[in-house]
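S.K.: Have a look at this one.
The values are calculated or read from the model by the stated rules, or taken from the named source; none is laboratory data. As the structure is a computational prediction, the values presented were derived from the model and not from experiment. Here the Cβ is made from the backbone with ideal geometry for all residues, glycine too, and neighbour counts use every protein chain on show. Side chains are part of the model used for accessible areas, which takes the heavy atoms of the whole protein and leaves out ligands, DNA and RNA. Shrake-Rupley method; radii C 1.70, N 1.55, O 1.52, S 1.80 Å.
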Amino acid sequence: MSEVRLREAEKWIAWVRTGAVAFAVVEVGIFTEYHPEGYALWAWVLTGAFAAGAVALLALSRNERIAGLRAFGLGALVFDATIICGYAWLYSFEFGSPTRWALIFAVVEAAIRFGLVGALLTSAALLPFLAAVEWW
């Protein structure tokens, strides 16, 4: 992917991430009817970290002087996958919770940035997490 297209992809992904923060706020604050004791606090802490990271990554993605776009993209991908894993683990108390399925977004993000190899490596990297959350 050319550098111009890569920059545009980074900006687009940053805006999608920012929209996902709004969804997370609504999901945690309105649509989740029950949290076990202590879980609501962690849900808001995770959402705050997500919001702070999304704002930082949005600002950085708009910086035309940023060098190392591939490294930036990898860092953003790791951030996104970590946040999604956090929500999947936190909401594993809900029977049939679809939160784990959100990991597909990390795989798609990897495919946009790094092609088929990125999608395959991200899928393989997430397998231990999926096994651990199923065990939990």
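S.K.: Heavy atoms only, probe 1.4 Å: what % of the accessible area of the chain goes to carbon and sulfur, would you let me know?
M.R.: Working: 6030 of 8270 Å².
Whole-percent figure for carbon plus sulfur exposure: 73.
S.K.: Taking the chain as a Gaussian network, Cα atoms linked when under 10 Å apart, which of LEU120, LEU90, LEU41 shows the biggest mean-square fluctuation?
M.R.: Comparing LEU120, LEU90, LEU41 in the GNM, the peak value goes to LEU41.
S.K.: Describe numerically, in nm with one decimal, the distance between label points set 7 Å from Cα along Cα→Cβ at VAL16 and at TYR34.
M.R.: 3.4 nm
S.K.: What do you get for trypsin sites (Lys or Arg not before Pro) in segment 1-102 restricted to DSSP loop and a cutoff of at most 10 other Cβ within 10 Å of the site's Cβ?
M.R.: Numbers: sites: ARG5, ARG7, LYS11, ARG17, ARG62, ARG65, ARG70, ARG100; in loops: ARG62, ARG65.
Listed in order of number, the matching sites are ARG65.
S.K.: On to the next question. Can you give me the relative contact order of the chain as a percent, contacts being Cα pairs under 8 Å and 6 or more apart? Numbers along the way, then the final one.
M.R.: Details: 83 pairs, mean separation 32.8, N = 136.
Rounded, it is 24 percent for the chain.
S.K.: Still on this structure, please answer the following. Given R₀ = 35 Å, FRET efficiency for TRP135-GLU27 by Cβ-Cβ distance, to 0.05?
M.R.: Values: r = 25 Å, r/R0 = 0.70.
The calculated FRET efficiency here is 0.90.
S.K.: Return the Rg/Rh ratio of segment 72-136 with Cα-based radii and a Kirkwood Rh. Walk me through the numbers before you get to the answer.
M.R.: Values: Rg = 11.8 Å, Rh = 11.9 Å.
A ratio of 0.99.
S.K.: Rounded, prolate or oblate: pick one for segment 18-59, where a ≥ b ≥ c are the square roots of the eigenvalues of its C-alpha gyration tensor, a/c under 1.5 means rounded, and failing that, prolate if a/b is larger than b/c, else oblate. Before the final figure, lay out the partial values.
M.R.: Working: a/c = 5.43, a/b = 1.85, b/c = 2.93.
Oblate.
S.K.: List the chymotrypsin sites (Phe, Trp or Tyr not before Pro) within segment 2-111 that DSSP assigns to loop and that have no more than 11 neighbouring Cβ atoms inside 10 Å.
M.R.: Numbers: sites: TRP12, TRP15, PHE23, PHE31, TYR34, TYR39, TRP42, TRP44, PHE50, PHE72, PHE79, TYR87, TRP89, TYR91, PHE93, PHE95, TRP101, PHE105; in loops: TYR34, PHE95.
Sparse-neighbourhood loop chymotrypsin sites (Phe, Trp or Tyr not before Pro): TYR34, PHE95.
S.K.: A further question on this structure: At SER123 and ALA56, where each label point lies 7 Å from the Cα along Cα→Cβ, what is the point-to-point distance in nanometres?
M.R.: In this crude spin-label approximation the distance works out to 3.1 nm.
S.K.: With θ taken as phi - 60° and the coefficients 6.51, -1.76 and 1.60, list the Karplus ³J(HN,Hα) couplings across segment 119-134 in order, rounded to whole Hz; mark glycine and proline as x.
M.R.: Rounded to whole hertz, the list is 5, 5, 5, 5, 4, 5, 5, 7, 4, x, 5, 4, 5, 5, 6, 5.
S.K.: Under 9 Å from the Cβ of LEU58, count the other residues' Cβ atoms, weight Lys and Arg +1, Asp and Glu -1, and hand me the total.
M.R.: On the way: positive: LYS11, ARG17, ARG62; negative: none.
Net local charge, LEU58 excluded: +3.
S.K.: May I ask you to work out the translational diffusion coefficient for the chain at 10 °C, viscosity 1.306 mPa s, via Stokes-Einstein with Rh from the Kirkwood sum over Cα pairs, reported in whole µm²/s?
M.R.: For these conditions, the coefficient is 101 µm²/s.
S.K.: I'd like to check one number: the per residue accessible area of the chain, probe 1.4 Å, reported in Å² as a whole number.
M.R.: Details: 8270 Å² over 136 residues.
Here the per-residue accessible area is 61 Å².
S.K.: I've got another one for you. For the chain, which span is the longest to avoid every loop-located (per DSSP) member of GluC sites (Glu not before Pro) having at most 15 other Cβ atoms inside 10 Å?
M.R.: In the chain, the maximal stretch lacking such sites is 95-136.
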